[in-house]
Amino acid sequence: MDLQLICDLLVYSNDVISEEKDQEGKETLEVLKNTKKILEIINSKNPGSLGLHPIIYFYSKKGNFKPANFYATVLFVRELKQKKQFDKFTSVRAEFEEFIYKNDYIIDQINRNLRSTKKSAIPLKELFVLIMDSLADGCNEFDIRQAIKKKYNKINLVNDEDEIGESFNANRKSETYISTALKSVVRCGICGGVVHVNSSSVDHIVRKRDGGLGSAENGQITHPYCNTGYKN
Ligand SMILES: [Zn+2]
């Protein structure tokens, strides 16, 4: 992590950071604690962690770190926490992840059009909120893509990369790619979202107190939050 990234992370994880000198270090400690909390929600073994998979949220398909997406994820998680919307997010999470993974080139366009990582963080966070809200309202992928086109300037819904020299349909090509890439990942037994190895837990399908066994057949891999906090 470079220094700029750490500074930005502190800013995005906190409501306000005072400009005044912090003689006793209390405020500094508070800022660090808030930041740690947000990072733990994003990806950790903690019971409340959503266990967001970096590849889905802030890495490109080619494996490059995308700072603007990372900041947007921090802001998004903070908002979910403040508005107590973890359950709402979890109820549409599988579709949400599929959408942002499949339509990552749209997110990249918004980022490019704004010309700076810092300017992109809030609009991308709002995009995440728009996608979540639309899915919760029962919208399909087509509707959401139209809503994005309406809200953000100069969005091209066709992926240029797919068009270059391709003999078969662009959509089909990306679908094939996604189905191969996403087929091999582990999915949460409760919400269907993608599970990351560093942030997972095992849920007893039949609860122990209802006579469930600790055997492999009675266990399913879940996100920590889905296992402990999710009420559906
Ligand atoms: Zn889950």
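The values are calculated or read from the model by the stated rules, or taken from the named source; none is laboratory data. As the structure is a prediction and not an experimental result, all values here were calculated from the model. Note that each Cβ is placed from the backbone with ideal geometry, even for glycine, and that neighbours are counted across all protein chains shown.
Of the residues making up the stretch 31-43, those that are within 14 Å of the chain's Cα centre (by Cα) and either free of Cβ contacts under 8 Å to residues at least 40 places away in the same chain or part of a loop (DSSP other than H, G, I, E, B) (or both) are LEU39, GLU40, ILE42, ASN43.
Listed residues PHE76, PHE70, PHE65; which is out of contact with any helix residue (DSSP H, G or I) (no Cβ under 6 Å at 6 or more places or on another chain), of a type in the set (A, V, I, L, M, F, W, C) and surrounded by 21 or more Cβ atoms within 10 Å (Cβ to Cβ)? Being out of contact with any helix residue (DSSP H, G or I) (no Cβ under 6 Å at 6 or more places or on another chain), of a type in the set (A, V, I, L, M, F, W, C) and surrounded by 21 or more Cβ atoms within 10 Å (Cβ to Cβ) holds for just one of PHE76, PHE70, PHE65, which is PHE70. Considering every residue within the stretch 91-104, establish whether at least one is in contact with a Cys (Cβ under 7 Å, 6 or more places away or on another chain) and either surrounded by fewer than 20 Cβ atoms within 10 Å (Cβ to Cβ) or of a type in the set (D, E, K, R) (or both). Yes, the stretch 91-104 has at least one match.
The helices (runs of 4 or more DSSP H) found entirely in the stretch 76-192 that carry 1 or more residues being at pLDDT below 95 and within 18 Å of PRO54 (Cβ to Cβ) are 86-102, 104-114, 117-136, 170-183. Condition test on TYR71, is it without any contact (Cβ under 8 Å) to a residue 12 or more places away in the chain and closer than 30 Å to ASN159 by Cα? Taking the combined requirement at face value, the residue does not satisfy it. Of the residues making up the stretch 53-62, those that are assigned to a loop (DSSP other than H, G, I, E, B), surrounded by fewer than 22 Cβ atoms within 10 Å (Cβ to Cβ) and not charged (D, E, K, R) are PHE58, SER60.
Residues in the stretch 8-30 that are under 30 Å from GLY193 (Cα atoms) and in a helix (DSSP H, G or I): ASP8, LEU9, LEU10, VAL11, TYR12, SER13. Taking the listed residues VAL92, VAL77, the one that is within 16 Å of the ligand (Cβ to nearest atom) and free of Cβ contacts under 8 Å to residues at least 40 places away in the same chain is VAL77, with no other qualifying.
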